[in-house]
Amino acid sequence: MEINDPEEHLGSDEGKMETLKEEIEQLKKEKDENYQKMLRIQAEFDNFKKRTLRERETANKYKSQDIVNELLPAIDNFERALQVDVSEAGESFVEGISMVYRMLKDALKAQNIKEIETVGKEFDPNLHHAVMQVEDDEVESNTVVEEMQKGYILEDRVIRPAMVKVNK
C-alpha cells in the first residue's frame, strides 16, 4: 500500500479515532447503566431476604396462636369444673381433672403463653375487656376488682383479653 497523500491518510486515522472514542464513550455509558441496574437489583434482593427473614421469624413467634385459641375454651371449662364442690367419692375424679388441667397450663407455659394479670392492676384496654363497673370507695378508680375470664398473651401479642370488673 502506497501513501500518496499523507494528509489523506491522517484524516482517515483521525476519523477512526473519533469513531473509536465515540464507541468507548458509548460502552462506558452502557457499563455505568448496567452497574446501576446491578446495584438496584442487589438492593432489592437484600430487602427481599430481610423481609422473608422477618416474616419467617414472625410466623415462628406466633405459630402456636391458632392451637391456643382452640384450647382456651377447654381450659376455661376445666377451671369451672375445678371450682365445683365435690363429695369425698368424687375427689379422685377431681384429682385427675386437676392433673390434666396442670398439664394443659404447662403446655401453654412451654409455648411462652402467659396469663394476663388482672385483680388489683390498673385497667388497660389493650389487655382487659371491661364487662362491668362497680363503685367501691376502698379501691382506687380505674382498678380491676374481679376477673370474669382469664386473658392470655403470646410473646407480645394479646391472644384473648381478660374479661374484668372495673371500679369507677
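The values are calculated or read from the model by the stated rules, or taken from the named source; none is laboratory data. Please read these numbers as outputs of a predicted model, since none were measured by experiment. Reconstructed Cβ throughout: ideal geometry from the backbone, glycine too, with neighbour counts over all protein chains shown. The area values use the complete protein model at the heavy-atom level, side chains included, leaving out ligands, DNA and RNA. Shrake-Rupley method; radii C 1.70, N 1.55, O 1.52, S 1.80 Å.
A few remarks follow.
- The listed residues VAL94, VAL68, once ranked by accessible area (1.4 Å probe) with the largest placed first, stand as VAL94, VAL68.
- Once backbone amide H atoms are built at 1.01 Å from N, ILE116 has GLY151, TYR152, ILE153 as its partners under 5 Å, excluding neighbours fewer than 5 places away on the same chain.
- 0 to 90° range, to nearest 10: angle between helix 91-110 axis and the chain longest Cα axis: 20 degrees
- Only helical runs count toward this figure. For the chain, summing -39,500 (n - 2.57) over DSSP H runs of n ≥ 4 and dividing by all residues gives -20500 deg cm²/dmol at 222 nm.
- Distances between placed amide hydrogens fall under 5 Å for ALA130 paired with VAL164, all partners being 5 or more residues away or on another chain.
- The value obtained for region 56-113, namely the Cα convex hull volume divided by the number of residues, is 62 Å³ per residue.
- The chain, accessible surface, carbon-and-sulfur percent (1.4 angstrom probe): 52 percent
- Note on GLU117 and TYR62: the model spin-label points, each 7 Å out from Cα along the C-beta direction, lie 2.5 nm apart.
- Excluding same-chain neighbours fewer than eight residues apart, the lysines reachable from LYS109 by a Cα-Cα span under 16 Å are LYS61, LYS63, LYS150.
- Mean separation of Cα contacts under 8 Å (6+ apart) over length of region 74-168, as relative contact order %: 27 percent
- Sorted peptide list for 17-29, 135-147, criterion being average Cβ within 10 angstrom, highest first: 135-147, 17-29
- Compactness of the chain as Cα Rg over 2.2 N^0.38 Å, two decimals: 2.41
- Those lysines that a straight Cα-Cα span of less than 17 Å connects to LYS31, excepting residues fewer than 8 apart in one chain: LYS21
- Counting only protein heavy atoms and a 1.4 Å probe, region 36-168 has 72 square angstrom of accessible area per residue.
- Derived scalar couplings between HN and Hα for region 55-60 equal 5, 5, 4, 5, 4, 5 Hz in order, rounded to whole Hz, by the Karplus curve 6.51 cos²θ - 1.76 cosθ + 1.60 (θ = phi - 60°), x for Gly and Pro.
- Think of each Lys and Arg Cβ as +1 and each Asp and Glu Cβ as -1; about the Cα centre, that makes the dipole of the chain roughly 840 debye.
- In terms of packing, defined here as the mean over residues of other Cβ atoms within 10 angstrom, the peptides 47-59, 69-81, 154-166, 107-119 line up highest first as 154-166, 107-119, 69-81, 47-59.
- Under the simplified labelling scheme, the ASN34-MET103 pair shows an inter-label distance of 6.6 nm, with each label point 7 Å from Cα along Cα→Cβ.
- Gain upon complete extension [GLU135, GLU23; 0.36 nm per residue less C-alpha separation]: 31.5 nm
- Computed from backbone phi, the HN-Hα couplings of region 71-79 come to 7, 4, x, 5, 5, 4, 5, 4, 4 Hz, rounded to whole numbers (Karplus: 6.51 cos²θ - 1.76 cosθ + 1.60, θ = phi - 60°; Gly and Pro given as x).
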